[in-house]
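Student: Starting off with a structure, shown below.
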Amino acid sequence: MITVGIAAFKEPKIARALKAVLREDVKKEVIVACPDKETAGIVKGFKGVKLIKEKRKEGKPSAVNKILRAAKGDIIVLTDADMHVKKGSLKKLIEPFKDKEVSVACGRPVVTNKTGMMAYWGRTLYDIVHKQRLAGAEHLTTNLCAFRSGCVNRIPKEALVDDYVIGLECSKKGGFVYVPQAVVKVKFPTSISDFLKQRARTFAGYMQVKDWYGSSERSFKGEVSQAGSVLRYIKNPKEFCWTGLLAFFRLVAWLKAYWDYRVRNKGLKDIWQPVETTKA
């Protein structure tokens, strides 16, 4: 049996995510941890879904820890409430665990935005990471990931990039496998302000991981060294301009992350801001 865990907060679209998980033809339990009444009310309408109603909002890491403590599955799958897995993806995601040496597996997030600059940014960035994983990069994402029970029992409550921490902990226990056939559909932010919130939190998380683990594969220096890869996606003058803006606003996000985390010493409560346009 597997455990599918979803940490949620004010997720009006969680019904879509739950329907996608529940239709998957694998033996499973489904657990949702959330602190708000609105999301809890939706979850209660699904038979067979276990609800962990948090007393107060403490952040995603705390919700994930509650799911880990409650999980009964041999394999734990994490996904998010504002996205949904493509049919058949859970079965494909857990297939690599037939190999006892595998400790963690990662699916492929695919952007659903269709047109405009933000859609172009999302498709470009996610495709670059997809190709990096195909080339051997062990970049985990809790958009859709799976790991053996006991591989990681808890993550720090202040973790800004829970997926990165889980990936590092699981890599100590065994191998990483990328499963691009296991697809999860993701909505990319549709406003620059939400893009900056999301990216600045992630970049601050990379700095945090460097402090905790002594090193980080993901850094500003590393991003600069791979900046040329984004140029291959440009097909016309409009996309050339969009790419320039993408580079500028990612730089702004890195500066914001440095200011918030290094200079002002902000923690998860202040840095992790809601990204509303991914929930619509």
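Student: In the chain, with Lys and Arg counted as +1 and Asp and Glu as -1 at Cβ, which of these residues, 128, 42, 261, has the Cα nearest the positive end of the dipole, that is, farthest along it?
Tutor: 42
Student: Taking H placed 1.01 Å from N in the peptide plane, check which residues at least 5 places from residue 71 or on another chain put their amide H under 5 Å from its amide H.
Tutor: Counting only residues 5 or more places away or on other chains, the set is empty.
Student: Applying the Karplus parametrisation 6.51 cos²θ - 1.76 cosθ + 1.60 with θ = phi - 60° to the phi angles of segment 255-268, what ³J(HN,Hα) value in whole Hz is obtained for each residue in order, glycine and proline being reported as x?
Tutor: Running phi through 6.51 cos²θ - 1.76 cosθ + 1.60 with θ = phi - 60° gives 5, 5, 4, 5, 5, 5, 8, 7, 7, 9, 6, 6, x, 4 Hz.
Student: Charges only on Cβ, +1 for Lys and Arg, -1 for Asp and Glu: so what's the dipole of the chain about the Cα centre, in debye to the nearest 20?
Tutor: Values: 53 positive and 28 negative charges, 124 e Å.
Dipole about the Cα centre, nearest 20: 600 debye.
Student: Taking the Cα-to-Cβ direction at residue 212 and at residue 172 and moving 7 Å from each Cα, how far apart do the two end points lie in nm?
Tutor: About 1.1 nm, to one decimal.
Student: Once phi is turned into ³J(HN,Hα) by the Karplus curve 6.51 cos²θ - 1.76 cosθ + 1.60 with θ = phi - 60°, what whole-Hz value does each residue of segment 198-208 show in order, with x for glycine and proline?
Tutor: The phi angles translate into 5, 5, 4, 4, 5, 5, 5, x, 4, 5, 4 Hz.
Student: Taking the Cα centre of segment 146-280 as the origin, how large is its charge dipole in debye, to the nearest 20, when only Lys and Arg (+1) and Asp and Glu (-1) carry charge on their Cβ atoms?
Tutor: So the magnitude is around 80 debye.
Student: Let's test the formula: R0 of 51 Å, r as the Cβ-Cβ distance of residue 25 and residue 262. What FRET efficiency results, to the nearest 0.05?
Tutor: Plugging the Cβ-Cβ distance into 1/(1 + (r/R0)^6) gives 0.60.
Student: Still on this model: For segment 17-127, what is the per residue volume of the convex hull drawn over the alpha-carbon atoms, in cubic angstrom?
Tutor: In segment 17-127, the Cα hull volume divided by residue count equals 145 Å³.
Student: In terms of modelled amide H atoms, which long-range or inter-chain residues lie less than 5 Å from the amide H of residue 188?
Tutor: Under 5 Å from the amide H of residue 188: 112, 113.
Student: Whole number please: convex hull volume per residue of the Cα set in the chain, in Å³? Kindly include the intermediate steps, with their values, before the conclusion.
Tutor: Working: hull volume 34.0 nm³, N = 280.
Value for the chain: 122 Å³ per residue.
Student: What is the dipole size for segment 149-212, taken about its Cα centre, with +1 at each Lys and Arg Cβ and -1 at each Asp and Glu Cβ, in debye to the nearest 20?
Tutor: In debye, rounded to 20, segment 149-212 gives about 80.
Student: How large is log10 I(q)/I(0) at q = 0.15 Å⁻¹ when the Debye formula is applied to the Cα atoms of segment 192-273, each weighted equally and without solvent?
Tutor: Here the Debye-derived log intensity ratios amount to -0.58.
Student: Quick check: the angle from helix 162-171's long axis to the longest principal axis of the chain, C-alpha only, nearest 10 degrees?
Tutor: On a 0 to 90 degree scale, this one is about 70.
Student: Quick one: of the DSSP bridges fully inside the chain, what percent are antiparallel, nearest 5?
Tutor: Taking every DSSP beta bridge within the chain, about 30 percent pair in antiparallel fashion.
Student: Counting only other residues whose beta carbon sits under 10 Å from that of residue 148, what net charge do I get with K and R as +1, D and E as -1? Intermediate values should be presented prior to the final figure.
Tutor: Values: positive: 100, 173; negative: 74.
With Lys, Arg at +1 and Asp, Glu at -1, the neighbours total +1.
Student: Now, a different point. Among 12, 230, 159, which residue has its Cα positioned farthest towards the positive end of the charge dipole of the chain, with +1 placed on the Cβ of Lys and Arg, -1 on the Cβ of Asp and Glu, and the dipole taken about the Cα centre?
Tutor: 12
Student: Next question. By the scheme Lys and Arg +1, Asp and Glu -1, what is the net charge of all other residues having a beta-carbon under 14 Å from that of residue 100?
Tutor: -1
Student: Connecting C-alpha atoms closer than 10 Å in a GNM of the chain, tell me which of 115, 202, 142 has the biggest fluctuation.
Tutor: Largest GNM mean-square fluctuation: 115.
Student: What list of ³J(HN,Hα) values in whole Hz, one per residue of segment 184-193 in order, does the Karplus curve 6.51 cos²θ - 1.76 cosθ + 1.60 (θ = phi - 60°) give from phi, with Gly and Pro shown as x?
Tutor: 10, 8, 10, 9, 7, x, 9, 10, 5, 4
Student: Then there's this: Cβ under 10 Å from residue 250's Cβ, residue 250 left aside: what net charge do those residues give with Lys, Arg +1 and Asp, Glu -1?
Tutor: Local net charge: 0.
Student: Considering amide H positions built from the backbone, and no H for Pro or chain starts, which residues 5 or more places from residue 30, or on another chain, come under 5 Å of its amide H?
Tutor: Correct list: 4, 50.
The numbers here are math on the coordinates, done by the rules we state, and not lab data. Fair warning: this is a prediction, and the values are worked out from it, not measured in the lab. Because the Cβ atoms are built from the backbone with ideal geometry, glycine has one as well, and the counts that use them run over all protein chains shown.
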